[in-house]
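The values are calculated or read from the model by the stated rules, or taken from the named source; none is laboratory data. Quantities reported herein were computed from a predicted structural model and do not represent experimental measurements. Here the Cβ positions follow ideal geometry from the backbone for every residue, glycine too, while neighbour counts run over all protein chains shown.
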Amino acid sequence: MVNGHVTTLLSVGIGFNPELTGRENIRLGGLANGLSPREIALKEDAIAEFSGLGEFIDYPMKTYSSGMRSRLGFSVVAHMDPDILLIDEALSAGDASFREKASAKMRELMEKARAIILVSHGLSLVKEMASTCVWLDHGRSWVSAHPARW
């Protein structure tokens, strides 16, 4: 049993419709995450701004690069205010500027006492973001309460 709202960022852009614009997919993503149309309307501009897509937010997603889709996917999910956020390598999307913005947003979510489960092969990302780590290697696991000390 899970107490709270769970949002995943496992496969960025799953559920997006390539025929719709980025803005329309923001609405679709909001609905898929259980928001009302009113709640989506309140977040839509912030999500579009955070994505950094500029005028491309009103272009069909089929014209987007994979990086643009990833940026929009991260932007939508990060603005859903989840209690539990599941992420798989999502912070590697986009250019250096967007990665910095995404990292700052993740820190903001962490400061709001959200539970975030990050699955990554990148040790530097784990060291930077995690307060507790479960290391899986060839069917064996270890737990570390201080991955930044590795």
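Worth pointing out:
- Any hit, the range 44-52, residues being acidic (Asp, Glu) and in a loop (DSSP other than H, G, I, E, B): no
- Tabulated pairs, the range 101-113, first not assigned by TED's automatic domain parsing to the domain that holds Phe50, second surrounded by 11 or more Cβ atoms within 10 Å (Cβ to Cβ), C-beta under 9 angstrom, 6+ apart or interchain: none
- Inclusion of Val76 among residues that are surrounded by fewer than 17 Cβ atoms within 10 Å (Cβ to Cβ), at pLDDT 85 or above and of a type in the set (A, V, I, L, M, F, W, C) is not warranted.
- Taken across the range 117-127, residues that are of a type outside the set (Asp, Glu), at pLDDT 85 or above and over 19 Å from Ala78 (Cβ atoms) do not occur at all.
- Selection from the range 24-38 of residues that are surrounded by fewer than 18 Cβ atoms within 10 Å (Cβ to Cβ) and in a helix (DSSP H, G or I): Glu24, Leu28, Leu31, Ala32, Pro37, Arg38
- Subset tally (residues that are free of Cβ contacts under 8 Å to residues at least 24 places away in the same chain and farther than 21 Å from Asp81 by Cβ) for the range 49-65: 4
- The set of residues from the range 115-150 being part of a loop (DSSP other than H, G, I, E, B), among the hydroxyl-bearing types (Ser, Thr, Tyr) and under 18 Å from Ala104 (Cα atoms) comprises Ser120, Ser131.
- Exactly one residue among Ala46, Ala41 is in contact (Cβ under 8 Å) with a residue 12 or more places away in the chain, exposed (fewer than 14 other Cβ atoms within 10 Å of the Cβ) and among the small types (Gly, Ala, Ser), and that residue is Ala46.
- Filter result for Gly15 (in contact with a helix residue (DSSP H, G or I) (Cβ under 7 Å, 6 or more places away or on another chain), modelled with pLDDT under 95 and small (Gly, Ala, Ser)): yes
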